[in-house]
Amino acid sequence: MGGAAGSSGSAYFLGNNNKIYYESPLPMGTTEAPSTGATIPSGQATYDIAREGDANGTTSTGEMWIATDDADSPIRAYNTSGNLTAAIDLIPAALGLAYSSSGSSRYIWASNPDDDKIYQIELDETGVAEGSSGSIEPLALSVSGNPFTESIIISGAGFSSSASIRICDINGRIVVESEFTDNYNWNGSALDGSGAPPGVYFVRVSDHLGRNASISVTRICN
């Protein structure tokens with residue numbers, strides 16, 4: 001198993017296939033097998049874990065912060081179900097993690113292998129984990145002027161800065177594939193420069209955090 005972290009009275013371990021194991025109370029017997037906790041999404045290397053605790057640091061009650069190899073957001077938070085709840089991009093890389101709190105302030109301590117420095121990140125001040133929930137802005141996807149004849153504006157909220165949009169026809173063929181910011185104006189053209197025929201199209205916006213939202217639009221004849 002990989003690195004271990006946790007508040008007093010419990011220990012958390014990163015194991016194979018991105019599974020999280022825990023054991024409590026400490027000290028645990030040398031032959032005692034840890035219990036299996038959440039499983040976070042695969043496809044990324046994980047280096048260390050820091051379990052969020054209460055204000056006194058005596059129990060583990062909040063998100064599990066993970067140091068990963070993701071270039072955009074190397075520090076990510078997951079709940080006990082393994083769902084992503086927050087991401088930090090304030091430093092370019094992270095290997096070791098630790099959690100601490102002082103009064104109502106919560107901190108993640110992260111070691112950056114690029115400059116051999118340790119950073120103290122105040123969670124509430126960064127806006128990464130507002131309040132006690134540690135949640136991120138919910139995703140929203142909408143369109144204006146649907147159904148449309150010439151063009152349509154697709155608007156999104158809550159996606160990271162490296163989001164992309166894909167529009168497919170009812171047969172699954174990709175008609176549009178492009179970067180996505182807050183809005184995308186589709187003029188009805190396809191990848192080959194031709195005009196997309198009337199019909200139903202499926203819009204999907206996703207970002208590098210693995211979050212996505214979908215909506216359907218309809219093009220009609222003039």
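Brief remarks follow.
- Residue count for the stretch 150-169, restricted to those that are touching a strand residue (DSSP E or B) at 6+ places or on another chain (Cβ under 7 Å) and part of a loop (DSSP other than H, G, I, E, B): 3.
- Any hit, the stretch 137-148, residues being crowded, with 16+ Cβ neighbours inside 10 Å, at pLDDT below 85 and either within 30 Å of I66 (Cβ to Cβ) or under 17 Å from the mean Cα position of the chain (by Cα) (or both): yes
- Scanning the stretch 62-91 for residues that are free of Cβ contacts under 8 Å to residues at least 40 places away in the same chain and part of a loop (DSSP other than H, G, I, E, B) returns D69, A71, P74, N83, D89, L90, I91.
- Search result, residues across the stretch 62-78 that are closer than 20 Å to R106 by Cα and small (G, A, S): G62, A67, S73, A77
The values are calculated or read from the model by the stated rules, or taken from the named source; none is laboratory data. Just so you know, these numbers come straight off a predicted model, no measurement behind them. Quick reminder, even Gly has a Cβ in these numbers, built from the backbone with ideal geometry, and neighbours come from all protein chains shown.
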